[in-house]
Structures are given as C-alpha cells and as structure tokens.
Amino acid sequence: MTDEKHYMTEEGRKKLEEEVEYMKTERRKEVVERIKIARSFGDLSENSEYDSAKEEQAFVEGRIQQLEQMIRNAEIIEEDGDTSAVQVGKTVKIKELPDGDEEEYTIVGRAEADPLEGKISNDSPMAKSLLGRAPGEKVSVSTPGGDMEVEILEIN
C-alpha cells in the first residue's frame with residue numbers, strides 16, 4: 001500500500017470510517033459463519049462453498065486494509081471561499097462547446113467520486129483539464145470518445 005494522499009471531505013472520511021466499522025463488526029462475522037458452515041460439509045479439497053467463503057474473507061480483509069490506509073492518508077478538503085480557480089472541493093459549472101449544454105461537477109478525491117451524483121474524481125480527465133483554470137476560460141478535455149471543448153462558467 002502506498003502513502004499517497006486521498007483527498008476527501010469530512011463527510012467522505014466519516015463514510016469510510018462507517019464502512020470500516022461495518023466490515024469489521026458485521027461482514028467479518030458473516031464470512032466466518034459461512035466458512036464454519038462450509039467446513040461442516042466435509043472434504044475441503046472439493047468444497048466450492050468453502051473456497052468461495054475464503055475468497056470473500058480475503059476480499060473483506062483487503063477492503064478493511066484499503067479503507068484504513070485511505071483514512072490514515074486522508075487530506076481533508078477545506079472550504080476556503082476562493083472561487084478564482086478550479087480546485088479539489090469546488091463545484092464547477094461548465095458549458096460544452098459548441099452545443100451549449102451546461103453541466104455541473106464537484107471535484108472530489110477518488111474515494112468520494114460518484115459521477116451519477118455529479119461528483120468527479122480529481123484524477124478524471126475532466127477534472128485534470130479543469131484544475132487551476134478560471135471562470136471564462138475555454139478548456140480542451142480529452143475523453144475516451146474524443147476531445148471536447150468546454151467553457152468554465154462558474155466556480156463555487
């Protein structure tokens with residue numbers, strides 16, 4: 001595991017802490033029970049239920065480690081009121097050019113990204129293209145579907 005910073009809001013950090021607690025208290029117990037039941041079936045060498053439960057146990061333990069590492073290396077995004085340039089934690093209103101479709105995104109860390117909720121990762125092509133830019137600027141964004149041009153309308 002790396003010591004890379006994980007940008008997130010205080011709310012996002014709390015959600016990760018809640019998930020860790022759930023994984024440690026509930027999921028671990030469920031998986032241990034599955035393993036116990038699978039063992040009762042006898043021969044472990046050809047016991048797919050046992051293999052599946054052990055794989056799930058490995059996943060749960062790995063997820064706990066991942067979440068704990070993210071929490072340890074969390075860099076909380078503080079609201080500073082600066083709307084002169086796009087930065088992590090800001091909401092950006094853009095207009096696609098030339099068609100004029102307007103969209104709004106909040107730039108967050110990877111742990112909180114949820115495109116369906118309008119939250120994009122600071123590692124996404126859109127965010128990378130917008131970071132550091134000011135309202136009124138036109139920006140080219142490389143996407144899997146090809147390059148697109150956007151104008152930054154507003155930063156909150």
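The values are calculated or read from the model by the stated rules, or taken from the named source; none is laboratory data. Quick caveat, the model's predicted, so the values are computed rather than measured. Note that each Cβ is placed from the backbone with ideal geometry, even for glycine, and that neighbours are counted across all protein chains shown. Side chains included, ligands, DNA and RNA excluded: accessible areas come from the protein's heavy atoms. Shrake-Rupley method; radii C 1.70, N 1.55, O 1.52, S 1.80 Å.
Computed extension gain for Ser84 through Arg39, at 0.36 nm per residue and net of the alpha carbon distance, reaches 10.1 nm. Rolling a 1.4 Å probe over the heavy atoms of the protein chains gives segment 3-135 an accessible area of 61 Å² per residue. Just check segment 20-79 against the gyration tensor rule for me: Cα atoms, a ≥ b ≥ c as the square roots of the eigenvalues, rounded for a/c under 1.5, and otherwise prolate or oblate depending on whether a/b exceeds b/c. Taking the square roots of the gyration eigenvalues as a ≥ b ≥ c, segment 20-79 is prolate.
Seen from every direction in turn and averaged, the convex hull around the alpha carbons of segment 84-138 projects onto 3.6 nm².
Which shape class applies to segment 33-156: rounded if a/c is under 1.5, otherwise prolate when a/b exceeds b/c and oblate if not, where a ≥ b ≥ c are the square roots of the Cα gyration tensor eigenvalues? Prolate. In percent, rounded to a whole number, the relative contact order of the chain is 24, using alpha-carbon pairs under 8 Å and six or more apart.
Of the solvent-accessible surface of segment 1-121, computed with a 1.4 Å probe and all protein chains present, 47% belongs to carbon and sulfur. Of the GluC sites (Glu not before Pro) found in segment 16-118, those that fall in a DSSP loop while having at most 16 other beta-carbon atoms within 10 Å are Glu78, Glu79.
Working from label points 7 Å from Cα in the Cα-to-Cβ sense, the Ile76 to Leu131 distance is 2.2 nm.
Site pair Lys14 and Asp99 shows an inter-label distance of 3.8 nm when each label is modelled 7 Å from Cα along Cα→Cβ. Largest GNM mean-square fluctuation across Ser84, Ser48, Ser121, computed for the chain with C-alpha springs under 10 Å, falls on Ser48.
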